[in-house]
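K.L.:
Starting off with a structure, shown below.
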Amino acid sequence: MPRYNPSEIEPRWQAYWDENQTFRTPENPGQKKRYILDMFPYPSGDGLHVGHPEGYTATDIVARFARCQGESVLHPMGFDAFGLPAEEHAIKTGEHPRVQTQRNIDNFTRQLKMLGFSYDWDRMVATTDEDYFRWTQWIFLVLYDTWFDAETQKGRPIAELPIPPEIATKGESAIGRYQDGQRLAYQDDALVNWCPALGTVLANEEVQDGKSERGDHPVKRIPLRQWMLRITSYADRLLDGLENVDWPFGIKKLQQDWIGRSTGAEVDFFVGDEAAGAAWAEERRSSGFPSEQSGQALRVYTTRPDTLFGATYMVVSPEHTMLEQLTTQTQSEQVREYCEKASFKSDRERADGDRDKTGVFTGSHATNPVNGQPIPIWVADYVLAGYGTGAIMAVPAHDERDFEFAKQFGLVVIPVVDPPADHPQRDQIMAGEGCFAGQGNAINSDAFDGQETNAVKAAVIGMLCEQGVGSEAVNYKLRDWLFSRQRFWGEPFPILHEVDGDGNLTGAKRAVPDRDLPVCLPELEDFKPHGRPEPPLAKADDDWLYVTLDGKRYRRETNTMPQWAGSCWYYLRYIDPKNDQALVDPGKEQAWMPVDLYVGGAEHAVLHLLYSRFWHKVLYDRGHVSCPEPFGKLVNQGMILGGVEFSGYLNQAGQPVSSKQVKRNAEGDRIGPDGSIVKSSTLSEDVVEKKGESFVLKSDPGIRVDSRAFKMSKSRGNVVNPDEVVREYGADSLRLYEMFMGPLEATKPWAMNGVGGVRNFLDRVWRMMVDAKADELVLAAALSDQACDADQNRMLHTTIKKVTEDTESMSFNTAIARMMEFTNFFTRADCRPKEAMQQFLVLLSPYAPHIAEELWQLLGGNESIAKQPWPQWEKEALVESSIEVPVQFNGKVKVKIQVAPDVSKEVLLQTALEDPKVLSLLEGKTIVKQIVVPGRLVNLVVK
RNA sequence: GCCGAAGUGGCGGAAUUGGCAGACGCGCCGGAUUCAAAAUCCGGUGAGGGCAACCUCAUGUGGGUUCAAGUCCCACCUUCGGUACCA
């Protein structure tokens, strides 16, 4: 029986494409190029998730569409294969991570090929390949060799870094240290999660509530020498670059907020002896504002210098370097205790929790530079060490956090900004009993009284500058990127640390020479932790660990790079994946970059996309790439949720409780109206019905039930496996369904019925061309060599137009709807011109490539349909002989009239007014106004 | 709290510059075919009213602009996603 059988057709065409290298990328693009990129997956042991093919199908459609239009297409795929799970697996089983990774890559490759994606598999890369990470290491060395010239806002070779004379005179090693302090890749002490019980350093994701996720052991935060990347230098460049890319507004906003640029002022508050205050101020007036803060002053950053008159106290973070100096004897015990408690809290704990503010008085005071008032200095963990100067001036009247803190500890509140007259809490605020963070006119601010916020800001900064106690300043939320991990399964750093005769580190470093790249991972006996707070690579044999170069002995860096490293630049390697002389050939890079379309999940909105933009800009500054931004157009696919679930609630007695009455108590448990905890239970679709706004039990309409789709997860058991969908419906159906579900960007629930629906469509397409009743595979009798009649021609050409436009704009769901209409129309026709069928198959081929190839061949095509030119629509064919135009009375449609499509305004109105129905409706009424939109409608306003 | 996205039939979703709300699909109902079923084909399907032609009401809620609002403006509600003391 010649029925549509995807399980037979699909593997056959996949093999054909493989053998014929149908989707091989031209080495250099022709007239028009399109680089279409997917975010490559982490090859997890679970295999492909239905979320993967969503974005992959979208890009595949665009790629196949562009090829048919004669463009040169680069559409590659690879694997982001370093990562924690493979290492966990290795620790447990002793199997090398490489083995498991390879197995997973093979499985992913099989699944991706099963879906018929038109990737150029010859260009596949995996970040774990030695000839890939050789270049990851090479780029790291570019970062290591670069400093950021703030003046030109450009990264430059470290050799070009001007050395200040006072450093130059101190000799080689001083110069080396100075350079190290300026490199984009540098070392610093940072806190890591050390778990003594497990004997290993943990990633942040592996720590929950201060305990290890595995085994629930306590985790301590200890400082360790770490590699950092100076991404903050590029903050302005990363911000400005966003203006020139075609990205969703939301993602740009997210990146902007992440970078978090703010402008304000740095201000020094005198903290020395009262007696020395006048001399200090005098000295500052002549010397000006120093770039580094000195011991006699506490420096703060503020975005509201205009509120300086309202600064009634100061706060330093528990980690502030001046804290000890500021703490008086009587307070020292309290302060010490407070800081110790704070140090046990993780970043997350400090942020979460009840948010009740805590803090301790240091015992000392500072002098407010604008009015000479002494104000107390506190220490509190609501001030972060890593932002600004790690200290603030507190203006409780105009900052929510300061206000809360002041209330709690009974500190003075002085309003210095008068809110707008219509502000509901103006009286409270003016009385110092409320907080107002907006703008207004200054009060209680001496000479500045009455001036508007922005004017006061500028004036105060001017005054501070003059006195040498303040200066304009810019700050960013963005922090430097902590780039090292204490892990085995990552790229080793190509860095050598010099050791002296006794085997101790001298502090000097050097890059591994280019010719010695890649630095491969050492062979280890096993992957178990060695029990020291050091990376696992420290377990390696001395053969690997120690290197002699130019007569000096070195120890290798034992940290590895984070998973982000490999994904920062993979889009460049696809362009020239086998090049062993350079990461990419400059000519090819120039020809293919930038990426024209980049599709992936929104979870990478900040980190991955920011990191790779940063690397790209460094490579750009150093002349290794030709464009300033890597990704021209970005699209975020929406999440695919599991099927809709209905859930009802049962009380202790097993009685159903309406979801309307279910609330959450303080512990987060669901409770019924009587306050007792209720249990949620999943209901099948046929015991519920819609009533009004919500769903209720059929058996008891008084009981409301919740209906919702959830994120797919193993624990919920709602994960859909692509292998099963392909087995049951075929890859073309899966592709088509994922595109038909709704707009690509939307979050959508899965419904297996819907897959059946698109499969039904493909069955109809099959029967439109194949005789389903014959024993052999023969064309349907209705197929004919005749030309289309006018109606058929119009159907064909409107379909070509719609599918072309919708595919270009990535409105895949409506393109598919139109192809369904085409199929419904021609299935009904007794005569189906082959010409129309062939053109239709080309339209269908990007969406459902296997069935399109099969039917194309059956209709006599002898080359892959992927090589066919995209059909063109003819304007003349779209024209209809007559159209229906509604005639409205007072905006409501009452009558419909038939007119020629190109009818003029006058004729349209006249036709409408002559229509017998219109005439009868007009009886006894007068037309007040008439609106005529040619080809659209007639609206008569009558009385 | 803040930021972002979104609320349209039983469900997923369509709807050019404001111009016939509900394309297409699922589900459901009816019919044809069949000994019967599956499959297929044809028709119907927002709600309420009427024998009917038709009428009334409908795009989260309440206002507004307009000849005309799902679409524009104002206020609010709900859901989802992100984020969290950044001075």
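The values are calculated or read from the model by the stated rules, or taken from the named source; none is laboratory data. None of these values were measured; they are calculated from a predicted model. Glycine also receives a Cβ, built like all others from the backbone with ideal geometry; neighbour counts cover every protein chain displayed. Just so you know, the surface numbers come from the protein's heavy atoms only, side chains and all, with ligands and any DNA or RNA stripped out. Shrake-Rupley method; radii C 1.70, N 1.55, O 1.52, S 1.80 Å.
K.L.:
Once neighbouring chains are kept in place and the probe is 1.4 Å, which whole percent of the accessible area of chain A is contributed by carbon and sulfur?
P.N.:
That fraction is 48 percent.
K.L.:
Turning to a different aspect of this structure: Counting only Cα, what are the radius of gyration and maximum Cα-Cα distance Dmax of the range A:262-475, in Å?
P.N.:
Just the Cα atoms of the range A:262-475 yield Rg and Dmax of 16.9, 49 Å.
K.L.:
For a 22 Å ceiling on Cα separation, which of these pairs sit above it: A:Lys32/A:Lys617; A:Lys633/A:Lys867; A:Lys33/A:Lys633?
P.N.:
Table pairs above 22 Å Cα-Cα are A:Lys32/A:Lys617; A:Lys633/A:Lys867.
K.L.:
Give the cross-link partners of A:Lys170 among the lysines, using a straight C-alpha distance below 30 Å as the criterion and excluding same-chain residues fewer than 8 apart.
P.N.:
Answer for A:Lys170, where 30 Å is the Cα cut-off: A:Lys154, A:Lys509, A:Lys552, listed by chain and number.
K.L.:
If you project the alpha carbons of the range A:722-877 onto their three principal axes, what span does each projection cover, largest first, in Å?
P.N.:
Between the extreme Cα coordinates on each principal axis of the range A:722-877 lie 45, 41, 29 Å.
K.L.:
Another question, then. Binning at 5 angstrom from zero up to the longest distance, how are the C-alpha pair distances of the range A:843-943 distributed in percent?
P.N.:
2, 11, 17, 14, 8, 6, 5, 6, 8, 8, 7, 4, 2, 0, 0
K.L.:
Short version: ³J(HN,Hα) in whole Hz for each residue of the range A:376-381, in order, from phi by Karplus 6.51 cos²θ - 1.76 cosθ + 1.60 (θ = phi - 60°), x for Gly and Pro, what are they?
P.N.:
x, 10, 10, 10, 7, 7
K.L.:
With a 1.4 Å probe and all protein chains left in place, how much accessible area per residue does chain A have, in Å²?
P.N.:
Accessible area per residue: 47 Å².
K.L.:
Could I ask something else about it? Can you tell me the relative contact order of chain A? Whole percent, Cα pairs under 8 Å, sequence separation 6 or more.
P.N.:
14
K.L.:
Find the relative contact order for the range A:722-877 and round it to a whole percent, using C-alpha pairs within less than 8 Å whose residues are 6+ positions apart.
P.N.:
27
K.L.:
Let me ask another. Over all distinct alpha-carbon pairs, what is the Kirkwood Rh of the range A:619-691 in angstrom?
P.N.:
After inverting the pairwise mean of 1/r, the radius is 16.9 Å.
K.L.:
Scan around A:Lys154 for amide H atoms under 5 Å from its own, H built in the peptide plane at 1.01 Å from N, and keep only partners 5 or more places away or cross-chain.
P.N.:
Distant-sequence amide H within range of A:Lys154: A:Asp149.
K.L.:
At a Cα cut-off below 22 Å, give the lysines reachable from A:Lys211, other chains included and same-chain residues fewer than 8 away excluded.
P.N.:
List returned: A:Lys92, A:Lys220, A:Lys341, A:Lys345, A:Lys528.
K.L.:
May I ask you to order A:104-111, A:485-492 by the average number of other C-beta atoms within 10 Å around their residues, highest value first?
P.N.:
With the highest mean Cβ count within 10 Å placed first, the list reads A:485-492, A:104-111.
K.L.:
Based on Cα positions only, what radius of gyration and what Dmax would you give for the range A:317-437, in angstroms?
P.N.:
Using the Cα atoms of the range A:317-437, the pair Rg, Dmax is 15.6, 49 Å.
K.L.:
Taking only the alpha-carbon positions of chain A and ignoring solvent, what does the Debye formula give for the base-10 log of I(q)/I(0) at q = 0.05, 0.07, 0.10 Å⁻¹?
P.N.:
-0.44, -0.84, -1.33
K.L.:
Restricting to Cα atoms and excluding each atom paired with itself, what does the Kirkwood estimate give for the range A:395-495 in Å? Write down the numbers at each step before the final one.
P.N.:
Numbers: mean 1/r = 0.0591 Å⁻¹.
Taking the inverse mean of 1/r over all distinct Cα pairs, the range A:395-495 comes out at 16.9 Å.
K.L.:
Taking the Cα centre of each part, how many Å lie between the range A:270-340 and the range A:83-131?
P.N.:
Their Cα centres are 55 Å away from one another.
K.L.:
Cross-link candidates for A:Lys748: which aspartates and glutamates have Cα within less than 19 Å, leaving aside residues fewer than 8 places away along the same chain?
P.N.:
The reachable aspartates and glutamates, counting only those whose Cα sits under 19 Å from A:Lys748, are A:Glu54, A:Glu603, A:Glu645, A:Glu685, A:Asp706, A:Glu738.
K.L.:
Given the C-alpha centroids of the range A:609-681 and the range A:732-805, what is the distance between them in whole angstrom?
P.N.:
35
K.L.:
Roughly speaking, what is the stretch gain from A:Glu880 to A:Ala275, that is 0.36 nm per residue apart minus the C-alpha to C-alpha distance, in nm to one decimal? Mind dumping the intermediate values first?
P.N.:
Details: separation 605, 0.36 × 605 = 217.80 nm, distance 9.46 nm.
Between A:Glu880 and A:Ala275, full extension yields an extra 208.3 nm.
K.L.:
Where the only charges are on Cβ atoms (+1 Lys, Arg; -1 Asp, Glu), what is the dipole of chain A about its Cα centre, to the nearest 20 debye? All intermediate terms of the calculation are to be shown ahead of the outcome.
P.N.:
Details: 104 positive and 136 negative charges, 438 e Å.
Here chain A has a charge dipole of around 2100 debye.
K.L.:
Then there is this: For a quick protection proxy, order the peptides A:138-147, A:910-919 by their average other-Cβ count within 10 Å, most packed first.
P.N.:
Output ranking for A:138-147, A:910-919: A:138-147, A:910-919.
K.L.:
With r as the distance between the Cβ atoms of A:Asn504 and A:Glu27 and R0 = 41 Å, compute the FRET efficiency 1/(1 + (r/R0)^6) and round to 0.05.
P.N.:
Here the calculated transfer efficiency is 0.20.
K.L.:
While we're looking at this one, here's another question. How do A:698-704, A:475-481, A:123-129, A:159-165 rank on mean C-beta neighbours within 10 Å, highest first?
P.N.:
A:123-129, A:475-481, A:698-704, A:159-165
K.L.:
Now, a different point. Restricting to Cα pairs below 8 Å that are 6+ residues apart, what does the relative contact order work out to for the range A:151-204? Please round to a whole percent.
P.N.:
Answer for the range A:151-204 is 19 percent.
K.L.:
Further, regarding this structure: Determine ³J(HN,Hα), in whole Hz, for all residues of the range A:534-548 in sequence, where each value follows from phi through the Karplus function 6.51 cos²θ - 1.76 cosθ + 1.60 and θ = phi - 60°; x replaces Gly and Pro.
P.N.:
Per-residue couplings from phi come out as 9, x, x, 4, 5, 6, 5, 4, 4, 3, 7, 5, 10, 9, 10 Hz.
K.L.:
So, one more: Where a ≥ b ≥ c are the square roots of the eigenvalues of the C-alpha gyration tensor, would you call the range A:101-205 rounded, which needs a/c under 1.5, or, failing that, prolate if a/b is larger than b/c, or oblate?
P.N.:
Since a/c reaches 1.5 but b/c is at least a/b, the shape of the range A:101-205 is classed as oblate.
K.L.:
Something else now. Under 5 Å between amide hydrogens, which residues at least 5 positions from A:Leu783 or on another chain qualify, with H placed 1.01 Å from N in the peptide plane?
P.N.:
Long-range HN contacts for A:Leu783: A:Arg832.
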